[in-house]
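In what follows, a single structure is set out as structure tokens and then discussed.
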Amino acid sequence: MKKCSPSDAPVLSIIVPCYNEEEIIEWSANTLSDFLNSLKKEALINIESYLCFVDDGSKDKTYETLNKLRIDNQYLRIIKLSRNFGHQAAILAGLKYAKKKCDCAITIDADLQDDHTTIKSMIGKFNSGAEIVYGIRNIRTSDSNFKRITARIFYKIMEFLGAKTIKDHADYRLLSQRAIKFLLKHKEVNIFIRGLVPEIGLKTDMVYYERSIRTAGETKYPLKKMFAFAIEGITSFSVKPLRLVTFLGIIIILLSLVVAIYILVSFLLGAIIVGWTSTIISIWFLGGVQLLSIGIIGEYIGKIYKESKERPIFLIEEIIQ
Ligand code: UDP
Ligand code: MG
């Protein structure tokens, strides 16, 4: 692979999306800078390695704080998006910036819940030829029971629907320059990066770590966003729900045939069916099934609508390097 720099150690770009992280951003930038320093001392990374904080339209003091830190921090680069585009878009903005400016990039959340010291093993795997290294949580004790259970259901559904996802992997990963280029060739507007990366191919590896709890600030992924994200993931990678609708239709038609025969036989035998209960039940049941089916089809049509507009995924207001 062609290197960004002639020296042996790779130029590493650490990409950190941040949205309203004023409570934590200084600690996060300092911790990562200290860590880059130690990697440099061990000659594991090139001196040109850097941190790329992507401010995703924060409404608090995140951007101002980053700008202040920048004065004394040689590693820090800042990309400011023009508004809040969402976590996935912020990661993509960082990767697009890093595409020609690193040998490998690691994306990590600003709260550093994902153990940043694992970066060292990620680089080790990269040096042994892996172009994609997934960070996998080996236990999920730091998550609430609710998050753990919903995550498990999500992975099961994804598996059932045949979409490729890496279990217990979020967006903490290393990508080689080539993997970044391949990822950015995917032009879709509906982005679910952790589903796209396994589509790239190339040599992959994994590292395991324990995820800690958030030390300050609060989650930017409340239930509503998590649910939307899961639907996004499922509908971006599988058309099976549409097929399920068709099957459901076939099954209901067959069932109604059976019911029709039963009614006909009862009629011929002279049993007068009052039938109110069965009528009401079938109306409600079929109504529900139809609405659900239309909803699923609508999800996909909505996606086609969004894709056809080809709106930009993010807009960069400023880059400070
Ligand atoms: N984030 C972002 N844009 C958003 C929401 C979140 O850039 O619209 C960032 C956030 O600052 C953090 C990362 O995405 O660095 C993950 O968010 P969070 O830690 O709140 O999610 P959780 O760990 O609770 O799933
Ligand atoms: Mg977090």
Test of understanding: in a Gaussian network model of the chain with alpha carbons linked when under 10 Å, which of LEU291, LEU183, LEU202 would top the mean-square fluctuation ranking?
LEU291
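If you take the square roots of the eigenvalues of the alpha-carbon gyration tensor of the stretch 1-160 and sort them as a ≥ b ≥ c, do you get rounded (a/c under 1.5), prolate (a/b over b/c) or oblate? Intermediate values should be presented prior to the final figure.
Values: a/c = 1.69, a/b = 1.15, b/c = 1.47.
The shape class here is oblate.
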Between helix 276-309 and the chain, what is the angle of the helix's C-alpha long axis to the longest principal axis, kept within 0 to 90° and rounded to the nearest 10?
30
Starting from the Cα-Cα distance between ASN190 and VAL289, subtract it from 0.36 nm times their residue separation and give me the gain in nm to one decimal.
33.0 nm
Can you tell me how the stretch 12-105 classifies by the Cα gyration tensor, rounded, prolate or oblate, using a/c under 1.5 as the rounded cut?
oblate
Taking every DSSP bridge whose two residues both lie in the chain, the antiparallel percent to the nearest 5 is 35
What residues have an amide H closer than 5 Å to that of ILE15, excluding those fewer than 5 places away on the same chain, when H is modeled at 1.01 Å from N in the peptide plane?
CYS52, ILE106, THR107, ILE108
LYS61 and GLU310 label points (each 7 Å along its Cα→Cβ direction) are spaced in nm at 4.4
Principal-axis tilt of helix 87-98 within the chain, Cα atoms, nearest 10 degrees:
40
Overall dimensions of the chain as given by Cα atoms, namely Rg and Dmax in Å:
24.9, 93
Angle between the Cα long axis of helix 145-161 and the longest principal axis of the chain, 0 to 90 degrees, nearest 10?
70
ASP72 to ILE296: FRET efficiency via 1/(1 + (r/R0)^6), r the Cβ-Cβ distance, R0 51 Å, to the nearest 0.05?
0.45
Under 22 Å between C-alpha atoms is the cut-off here; go through the stretch 31-95 and count lysine pairs that meet it, provided they're at least eight residues apart or on different chains.
4
Could you pull out the GluC sites (Glu not before Pro) across the stretch 190-245 that fall in loop regions by DSSP (anything but H, G, I, E, B) with no more than 12 other Cβ atoms inside 10 Å?
GLU218
Magnitude of the Cβ-charge dipole of the stretch 96-224, K/R +1 and D/E -1, about the Cα centre, nearest 20 debye?
360
What is the distance in Å between the Cα centres of the stretch 275-306 and the stretch 71-124?
43
Phi-derived 3J(HN,Hα) across the stretch 226-231 with the Karplus relation (6.51, -1.76, 1.60, θ = phi - 60°), rounded Hz, x for Gly and Pro, is 5, 5, 4, 5, 5, 4
Residues in the stretch 238-257 reached by a label modelled at ILE281 [backbone nitrogen below 17 Å; 7 Å Cα→Cβ]
252-257
Calculated [θ] (222 nm, deg cm²/dmol) that DSSP helices of n ≥ 4 give over the chain, each run adding -39,500 (n - 2.57):
-16500 deg cm²/dmol
Proximal aspartates and glutamates relative to LYS164, as straight alpha-carbon distance under 16 Å, when same-chain residues fewer than 8 apart are discounted:
GLU199, ASP205, GLU232
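Each reported figure results from applying straightforward, stated rules to the coordinates on display, with no laboratory input. Quick caveat, the model's predicted, so the values are computed rather than measured. Cβ atoms come from the backbone with ideal geometry, glycine included; neighbour counts cover every protein chain shown.
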